[in-house]
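The values are calculated or read from the model by the stated rules, or taken from the named source; none is laboratory data. Model, not experiment: these values are computed from the prediction. Positions of Cβ are generated from backbone atoms using ideal geometry, with glycine treated the same way; all protein chains shown enter the neighbour counts.
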Amino acid sequence: MKRLSAAAVMVLAGVGAARAEVTLIKNATILTVTKGTITKGSILIRDGKIAEVGQSVAAPAEATVIDAAGEYVMPGIIDCHSHIATEAVNEGSVSVSSMVGIPDTLNPEDIYIYDALAGGVTTVNVLHGSANAIGGKTVVIKTRWGKSAEELPFEGALPGIKFALGENPKRQGSPSVFRATNLRYPATRMGVEDTIREAFNEAKIYQAEWNDYRAALARGEHPEPPRRDLKLDPLVEVLEGKRLVHAHCYRADEILMLLKVADDYGFKIRTLQHVLEGYKVAKEIAAHGTGASTFSDWWAYKEEAYDAIPYNAAIMTKKGVVVSLNSDSEELMRHLNDEAAKVMKYGGLSETEALSMITINPAKQLMIEKRVGSIEVGKDADLAIFDGHPLSNYSKVVKTIIDGQVYFDRAKDVAGRAAKEQEKAQLIAKEKERARKESEGQRRARPGAGEQAPKPEVAQ
């Protein structure tokens, strides 16, 4: 059964219409994350930006008013590790696949974008998979359901690249997991480190060639340019701080290894993804200036995860690491607010620290904190409105707003479900009728019961 298109769901849900120039959300409990909590507060949105926040904000005559009495408004949730909205995740044929990129495969009709909105998620770091020591290019998007692929990327966000350590990149070379024809180097953790180092050795040489070429041009010379290498271009961007590294990892030893490799080649790891043994080396992670994007309480689901503990996020936070909680799952993405609540149970973190892990902290990790991650004047009006406190698992998202536009409205979504069910029933009926006619046509084409098929004529 084919799912409805993005445009069809938008129409039925009643969202995605042209944005009102001015919107006022009033009577809400506002969880700003960085500026405390405002009771019975208001947020004035003008041209997609937060123009005013406080308890006494006047509504301009032309404003669209959202009465959020009894409801909570928080910054839009940011997921620093996801694989939604893409037609492809892994290019696992080679150990270094930095020439491929998620931006080239964005799918704006992926229904998980809408599901993310239903969970209050407004910004997502869409990553390449973890089959490679150095994987493909990544992209930060806003969950603008109904927009084109060109309109999904977060304007001005630095691009990224995916690295991976441990079992995932090395098992690609293991005949016990993949068929023998798919063998490739590396097959050990030692080989993973060597693969990364060799790639940056090549990138350094390539960078020097281009620097020499540009210097010669500046001197008025006319040299031949170096040969363009699409695999090495992104790695040079990493060396020059123009592309962020997001590294899949689990164990403490491999975390320390990657930090040392980065130091040796003069770049930074922006985030360690999953980083389930980060609590063991939290001081070293903090000293490197690296963020940690982890799970709340996942463990023992694979060989590398047996030393994971639910206190990981809290311990790293207390050691000075900027920590976020990610989903890596279309399902988990819909309730990251519940995942954040767990760090209050496991580690005794405060309500603000918990909310920070799905708002301002991932914004810092993606270097977009000046635009999103908290409710402050001048920032993008990316907001999630809940019918109860977001850290309660009884609470639901009632509206999700991006750039001042309502992209998800639970009341309109519920009201439109009858129409969607009716359309679904009509499509099923049409499919059954088509199948019936096709089957009937096939029966008529066959000889009837007791009849013999005509014998082919024999040439005389």
Somewhere in the range 350-365, is a residue part of a loop (DSSP other than H, G, I, E, B), assigned by TED's automatic domain parsing to the domain that holds I141 and surrounded by fewer than 19 Cβ atoms within 10 Å (Cβ to Cβ)?
yes
Please go through the range 196-225 and pick out each residue that is in a helix (DSSP H, G or I) and among the basic types (K, R).
R197, K204, R214
Restricting attention to the range 215-231, which residues are under 38 Å from the mean Cα position of the chain (by Cα) and exposed (fewer than 12 other Cβ atoms within 10 Å of the Cβ)?
P225, R227, R228, L230
Look at the range 64-75 and say how many of its residues are surrounded by fewer than 19 Cβ atoms within 10 Å (Cβ to Cβ) and small (G, A, S).
2
Meets criteria (touching a Pro at 6+ places or on another chain (Cβ under 8 Å), assigned by TED's automatic domain parsing to the domain that holds A164 and either surrounded by 19 or more Cβ atoms within 10 Å (Cβ to Cβ) or free of Cβ contacts under 8 Å to residues at least 24 places away in the same chain (or both)) for S98
yes
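Please count how many residues of the range 248-304 are among the acidic types (D, E) and in contact with a helix residue (DSSP H, G or I) (Cβ under 7 Å, 6 or more places away or on another chain). Please lay out each step first, then the result.
Keep residues of the range 248-304 that are among the acidic types (D, E), which gives 253-254, 263-264, 277, 284, 297, 303-304.
With in contact with a helix residue (DSSP H, G or I) (Cβ under 7 Å, 6 or more places away or on another chain) added as a condition, the list becomes 254, 277, 284, 297, 303-304.
Here the count works out to 6.
If you check F295, F200, which single one turns out to be at pLDDT 95 or above and within 24 Å of S95 (Cα to Cα)? So that I can check it myself, show each step before the final result.
Working: F295 fails: within 24 Å of S95 (Cα to Cα).
None of the others qualify; the one that does is F200.
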Take the residues in the range 1-36 that are at pLDDT below 95 and touching a Lys or Arg at 6+ places or on another chain (Cβ under 6 Å); name whichever of them is surrounded by the most Cβ atoms within 10 Å (Cβ to Cβ).
A13
Quick one: is D380 surrounded by fewer than 24 Cβ atoms within 10 Å (Cβ to Cβ), over 16 Å from L325 (Cα atoms) and touching a residue at least 24 places away in the same chain (Cβ under 8 Å)?
no
I66 - would you say it is more than 19 Å from L165 (Cα to Cα), outside any loop (DSSP other than H, G, I, E, B) and touching a helix residue (DSSP H, G or I) at 6+ places or on another chain (Cβ under 7 Å)?
no
Could you check, for the range 337-353, whether at least one of its residues is more than 18 Å from M316 (Cα to Cα) and at pLDDT 95 or above?
yes
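Consider T39 carefully, then state whether it is surrounded by fewer than 17 Cβ atoms within 10 Å (Cβ to Cβ) and part of a strand (DSSP E or B).
In short, yes.
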Out of curiosity, is M316 within 30 Å of R189 (Cβ to Cβ), assigned to a loop (DSSP other than H, G, I, E, B) and out of contact with any Cys (no Cβ under 7 Å at 6 or more places or on another chain)?
no
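Give me a count of the residues in the range 183-195 that are among the aliphatic types (A, V, I, L, M) and part of a helix (DSSP H, G or I).
First, pick out the residues of the range 183-195 that are among the aliphatic types (A, V, I, L, M): 183, 187, 190, 192.
Keeping just the survivors that are part of a helix (DSSP H, G or I) gives 190, 192.
So the count comes out to 2.
Looking at the range 385-413, which of the residues that are of a type in the set (D, E) and farther than 28 Å from K345 by Cβ is surrounded by the most Cβ atoms within 10 Å (Cβ to Cβ)?
Here is the first cut: in the range 385-413, the residues of a type in the set (D, E) are 387, 403, 409, 413.
Checking the rest, the ones that are also farther than 28 Å from K345 by Cβ come to 403, 409, 413.
Working: D403: 17, D409: 22, D413: 19.
Looking at the filtered set, the residue picked out is D409.
Identify all residues within the range 278-295 that are under 23 Å from the mean Cα position of the chain (by Cα) and crowded, with 22+ Cβ neighbours inside 10 Å; write none if there are none. Reasoning before the result, please.
In the first step, residues of the range 278-295 are kept if they are under 23 Å from the mean Cα position of the chain (by Cα); the result is 278, 285, 289-295.
Answer for the range 278-295, where residues must be under 23 Å from the mean Cα position of the chain (by Cα) and crowded, with 22+ Cβ neighbours inside 10 Å: G278, I285, T290, G291, A292, S293, T294, F295.
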